[in-house]
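Here is the structure we will look at.
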């Protein structure tokens, strides 16, 4: 099972269109929300990749596209020192993030902190 973390991390070697002049939304599994960037000191997947690389962590970068070929999201993943796969998911739309968050809640990957109240 993949563990997903909302990390304070950041920079990506994607095509310039992936992070240029774009509003990004990140899945925040800690709060079970989708948050617009900038947040926690970074503004794009490229920022997250940069911060990871500064920590000598080389993430695997995957781009997701819509049916028409436009970019819909970017996932940065890497294996922690403890052997757990960690992911950061960025989306080009709030709807895309909310769809993924809904799937993650349904699959038990994310727990809604308000469900325990």
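Values in this text are rule-based calculations from the coordinates and carry no lab data. Computed from a predicted model, the values in this text were never measured in an experiment. So basically every Cβ, Gly included, is an ideal-geometry build from the backbone, and we count neighbours across all protein chains shown.
Structural remarks
- For region 16-107, the Kirkwood hydrodynamic radius comes to 13.7 Å, computed from all pairs of different C-alpha atoms.
- The packing ranking, built from the mean of other Cβ atoms within 10 Å per residue, places the peptides 57-67, 23-33 in the order 23-33, 57-67, highest first.
- Rel. contact order, % - alpha carbon contacts under 8 angstrom, at least six apart, region 16-107: 29 percent
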